[in-house]
Amino acid sequence: MLGMALAAIDGTIVSTAVPQIVGDLGGFTVFSWLFSGYLLAVTVTLPVYGKLSDTFGRKPVLIAGIILFLVGSLLCAAAWNMGALIAFRVIQGLGGGALQGTVQTIAADLYPLKERPRIQAKLSTVWATSAVAGPVVGGLLAGYADWRWIFLINLPVGAIALWLVVRHLHEPARPRPKTRPRIDWAGALAVFATGTLLLTALVQGGVAWPWLSAPSLGLFAASAALAALTVVIERRAAEPIIPGWVWRRRTIASVNLALGAMGLLMVAPTVFLPTYAQSVLGLGPIAAGFVLSVMTLSWPVSAALSDRVYNRIGFRLTAIIGMSAALLILLAFPLLPYPGEPWQPALIMLLLGAALGLFQLPLIVGVQSTVGWAERGTTTASVLFCRQVGQSIGAAVFGAVANSVLAARLLDAPAPGLPDDLDAVARALEDPGALSAAATDHLRRAVDAAVDHVYIGAAGAAALALLALVVLAPRRFPVIAETATTEPMIAETTTTGPVTAQTVTTEPVTAEKDGKQGPAA
């Protein structure tokens, strides 16, 4: 949990210190790469770390990730200009990728199926606490100390996490492989390059350059060519970074697509709701953050209780119920009155968090339970990778939707020269004295319409997640019996009855190996 906290709080603690960082180092035109560079590094390294943890074990990968993250944090604190800080944030992200994927995998290794909701709910609580505490701590350090302390504070937390992992995390002894493990370095480099180009195109398109400009088209074309090259390399590799079975197995493929769609819809509340709360409702940054943070309160509670549902009706049906509820909740957002009261979107977010907790956790627990130890790291990393890519695609798509709606609504503006993109409108509304009452009201209504369309798009993403589960996911996840020593393992039966426990003393049975169907498939 401490290791996860490093990655969780880092995403929120930096945002509140951006004005102080830019004021000290300059580089206002490129400061967005403080977040984009970190996101890129985390996302593209997830599959690599997943395969490494399956090959060499979770503990060395987690230790390496913590050390790399702490080195990046120390370098960030010593940055002398914006370019150096961005480069050191990328180093942080290289460690963050190991933290996110490996911690989730270790949770599945250490706890049998019946106990995983409890530990996963605790990990979700780490993210919820970070979402609330990160901006507060970041603002206090930037305002009363120095922005460099937002990186230095990682060092004692990381040191304790490292000590605990080294001393107390004991992985069970595994038989030595008959042949020396081979690392697919060519595949790792190809995956890294493909992901970097694709995410750069998605993050910077429509921001640094127009979508149909030469840089955007060139990046998309290059990422497509590299993706094709990656497929060729991975098919020929003895131990590929992204094995073909990740997409050949219906359960894993459907969960990847469903959680990718969830990443897409999550952009609506996390990116656009704070703008809505400040520009339409007139709230301050802290109050706007609270409207969003209530989602992180209901999410872990719902996740912790989800086992009472999927133990009775199965993983797939539980996730379908959760996403169906999320779809209805997202469609309710455009029905809110204008300008409305702050408790109304807060209630929407509270319900949405409960619905998504019921959706996400059963899928993660379920898909981890369909593979053995040697495939669990790769499987978990593929799920998290798809979710991260979905968020990047969502930011690009919904950003374009919001700005196009905003531009259309401002064609008949009551005053000339009004801003026509969401960020500029939000800045203009921070100084209402510079605008007439009619212009201010028109801008607020335009923002309200833009965010409403984003939530309708998010509902469309929820429908895609449901489609992936209904069409692709098997009716019952093929949960396998795992090796157990002192604790019983859990297996979901193929009947309609509840999940039952059984004691197992053999090696895990994999569902598919080298393209061949096995007993668990």
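Below are the figures for this structure:
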item: Ala79 under 28 Å from Gln360 (Cβ atoms), in the same structural domain as Val18 (by TED's automatic domain parsing) and out of contact with any Gly (no Cβ under 8 Å at 6 or more places or on another chain); result: no
item: Exclusive hit being at pLDDT 80 or above and either buried (at least 24 other Cβ atoms within 10 Å of the Cβ) or not acidic (Asp, Glu) (or both), set Gly50, Gly23; result: Gly50
item: Output for segment 373-404, where each listed residue is modelled with pLDDT of 85 or more and farther than 24 Å from Leu39 by Cα; result: Glu375
item: Test set (1) farther than 23 Å from Ala303 by Cβ; (2) in contact (Cβ under 8 Å) with a residue 40 or more places away in the chain - Leu140 fails condition number; result: (2)
item: Qualifying residue in segment 372-380 (condition: of a type outside the set (Ser, Thr, Tyr), in a helix (DSSP H, G or I) and farther than 18 Å from Pro243 by Cβ); result: no
item: Residue that is farthest from Leu281 (Cα to Cα), among those in segment 448-483 that are β-branched (Val, Ile, Thr) and at pLDDT 85 or above; result: Val471
item: Set Leu265, Leu283, Leu259: member being assigned by TED's automatic domain parsing to the domain that holds Val365, in contact with a Cys (Cβ under 7 Å, 6 or more places away or on another chain) and not aromatic (Phe, Trp, Tyr); result: Leu259
item: Members of segment 354-366 found to be within 17 Å of the chain's Cα centre (by Cα) and either outside the structural domain of Leu328 (by TED's automatic domain parsing) or in contact (Cβ under 8 Å) with a residue 60 or more places away in the chain (or both), listed by number; result: Leu356, Gly357, Phe359, Gln360, Leu361, Leu363, Ile364, Val365
item: Cross-chain or 6+ apart pairs with Cβ under 9 Å, segment 443-471 first and assigned by TED's automatic domain parsing to the domain that holds Leu317 and surrounded by fewer than 24 Cβ atoms within 10 Å (Cβ to Cβ), then outside any helix (DSSP H, G or I) and among the aromatic types (Phe, Trp, Tyr); result: Arg444/Tyr338; Arg445/Tyr338; Asp448/Tyr338
item: Selection from segment 128-163 of residues that are hydroxyl-bearing (Ser, Thr, Tyr) and surrounded by fewer than 19 Cβ atoms within 10 Å (Cβ to Cβ); result: Thr129, Tyr144
item: Of all residues making up segment 12-60, the number that are farther than 17 Å from Trp149 by Cβ, part of a helix (DSSP H, G or I) and not aliphatic (A, V, I, L, M); result: 20
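Here is a yes/no grid of residues against (1) hydrophobic (A, V, I, L, M, F, W, C); (2) at pLDDT 80 or above:
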| site | (1), (2) |
| --- | --- |
| Ala145 | yes, no |
| Ile150 | yes, yes |
| Ile160 | yes, yes |
| Thr196 | no, yes |
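Residue-wise test of (1) in a helix (DSSP H, G or I); (2) not aliphatic (A, V, I, L, M).
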| position | (1), (2) |
| --- | --- |
| Arg89 | yes, yes |
| Thr125 | yes, yes |
| Leu155 | yes, no |
| Ile183 | no, no |
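The values are calculated or read from the model by the stated rules, or taken from the named source; none is laboratory data. Keep in mind the model is a prediction, meaning the values are calculated, not measured. Note that we place each Cβ from the backbone using ideal geometry, even for glycine, and neighbour counts take in every protein chain shown.
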